[in-house]
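Working notes, structure below.
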Amino acid sequence: MYYLIANWKANKSFQEANLWLSYFKKNYQPSKNVKVIICPPFPLIYPLFEKLKKISNLFLGAQDLSFYEEGSFTGEVTAKMLVGLINYVIIGHSERRTFFHETEEIIDKKVNLAFKYSIEPILCLRNLNDKINPKVNFIAYEPPFAIGSGKNEDPKKVIEFKKKLNIKKKFTFIYGGSVNEKNINNYLNSEIDGFLLGTSSLNPEEFINIFNKLKKSLK
Ligand code: PGA
């Protein structure tokens, strides 16, 4: 089983998302072996939910959520608001840690709120110093130098990182950082359970090509 996660970040208008979707829907042939998780910006979650709900092995995720549960916190989007719309949430992405000054404490609150509302958190780690909440089942290794740079991490180092985490329970290990249709084959081995794509998820054709490579590798 592979997980293929699209992180659109702060990209795509409603109209652009519709164009992406129409290509995707025409060309996506689901596989029981590859779970696709699309993480659009908040305002696009509901329209995508409506349009994708009948497609198999396809899920929605959020890119973040509030560390507040609810109340007078203008502008926040809470876990509770997302219940029923998404199954996954990316937490602790290095862009959140860097540009929005998210601390380990904030990240931990978000992870706990996700669990409270039955949303599966995908915790992003930059390096071995980042803290891991022991409840987490999905870990994404995303070395900052590799994000959006075209300089993907050496697959051997990705596996070394996983081993050094020294996590005793079974968990899902994702790699993210400049994965594209040209280099994805280098990562297809039993130690890596999935991929978090930023740039290469924005183009539906490339995204489908990557999906098809994963699908084919598991046949
Ligand atoms: P990238 O982004 O694929 O553009 O490197 C990955 C990520 O930030 O999750």
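Scanning region 198-211 for residues that are without any contact (Cβ under 8 Å) to a residue 24 or more places away in the chain and of a type outside the set (Ser, Thr, Tyr) yields one hit, Asn203. Checked against (1) aromatic (Phe, Trp, Tyr); (2) closer than 15 Å to Glu206 by Cα; (3) within 16 Å of the ligand (Cβ to nearest atom), Tyr23 passes all but condition (3).
For (1) over 29 Å from Asn180 (Cβ atoms); (2) loosely packed, with under 12 Cβ neighbours inside 10 Å; (3) small (Gly, Ala, Ser), each residue gets a yes or a no:
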| position | (1), (2), (3) |
| --- | --- |
| Phe100 | no, yes, no |
| Ile107 | no, no, no |
| Ala114 | no, no, yes |
| Tyr117 | yes, no, no |
| Ile122 | no, no, no |
| Lys135 | yes, no, no |
| Ala140 | no, no, yes |
| Lys156 | no, yes, no |
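For Leu202, the conditions (1) within 16 Å of the ligand (Cβ to nearest atom); (2) at pLDDT below 95 all hold with the exception of (2).
Taking every residue in region 171-197 that is more than 16 Å from Pro144 (Cβ to Cβ) and pairing it with any residue that is among the aliphatic types (A, V, I, L, M) and away from the ligand (no atom under 15 Å from the Cβ), at least 6 positions away or on another chain, the pairs with Cβ-Cβ distances below 6 Å are Glu191/Ile159.
The values are calculated or read from the model by the stated rules, or taken from the named source; none is laboratory data. Computed from a predicted model, the values in this text were never measured in an experiment. Ideal geometry is used to build each Cβ from the backbone, glycine not excepted, and the neighbour counts take in all protein chains shown.
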